[in-house]
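> Handing you this structure, nothing more for now.
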């Protein structure tokens, strides 16, 4: 349609230019919105990634702490068990030394009892053979002296065996303790 001025269709050109500008502004606004949306998404993703990293670190620390809570008592329990086993081994070995020592002590007491019985029989026979009061007193004195001497000798032997037993047991315990500490 020709216009009144006779110059072509300037209204259409103005409309086209305005439409073009509107389209360009709309495209720019759309692009800006899209860019802002993309930036927001990127920030959200970064925050989510940071949160995931933090969550992973917390989970890792929690797992390490849980592992330590389990392994420390387990290691302590194993250490206590090892010490108890070593102590039991020492006691078993020292028990053998003590058993041998007690056997020696009992042997000394049995020897004393046999010798004392023999001495008493001999002393009573001497008492029975006494013809005078002086012979009787002498036999009785000899019997008492031999009994006391036998008791003293046996006590010395038993004391020596007991001292040796205590020394051997203490030495064995000391040696085993040193060996256990070296391990």
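> Express in nm, to one decimal, how much length is gained between residue 115 and residue 148 on full extension, taking 0.36 nm for each residue of separation and deducting their alpha carbon distance.
Between residue 115 and residue 148, full extension yields 10.7 nm more.
> Please work out the C-alpha center-to-center distance from segment 149-183 to segment 78-93 and express it in whole Å.
A separation of 22 Å, based on Cα centres.
> Stretched out fully, how many nm does the piece from residue 98 to residue 57 gain, at 0.36 nm a residue minus the Cα gap?
Details: separation 41, 0.36 × 41 = 14.76 nm, distance 5.98 nm.
Contour length minus Cα-Cα distance gives 8.8 nm.
> Going by how many other Cβ atoms sit within 10 Å of their own, how do 154, 55 line up, fewest first? Before the final figure, lay out the partial values.
Details: 154 17, 55 10.
The order, fewest Cβ neighbours first, is 55, 154.
> What translational diffusion coefficient, in µm²/s and rounded to a whole number, does the Stokes-Einstein relation yield for segment 89-183 at 37 °C and a viscosity of 0.692 mPa s, taking the hydrodynamic radius as the Kirkwood radius over Cα pairs?
204
> Based only on other Cβ atoms within 10 Å, what is the fewest-to-most ordering of 115, 51?
Fewest to most other Cβ atoms nearby, the residues stand as 51, 115.
> Describe numerically, in nm with one decimal, the distance between label points set 7 Å from Cα along Cα→Cβ at residue 137 and at residue 91.
Label at residue 137, label at residue 91, 6.1 nm between them.
Bear in mind these aren't lab numbers, they're just calculated from the coordinates by the rules spelled out. Everything quoted here is computed from the prediction, not taken from an experiment. For neighbour counting, all protein chains shown are included, and Cβ atoms are generated from backbone atoms with ideal geometry for every residue, glycine included.
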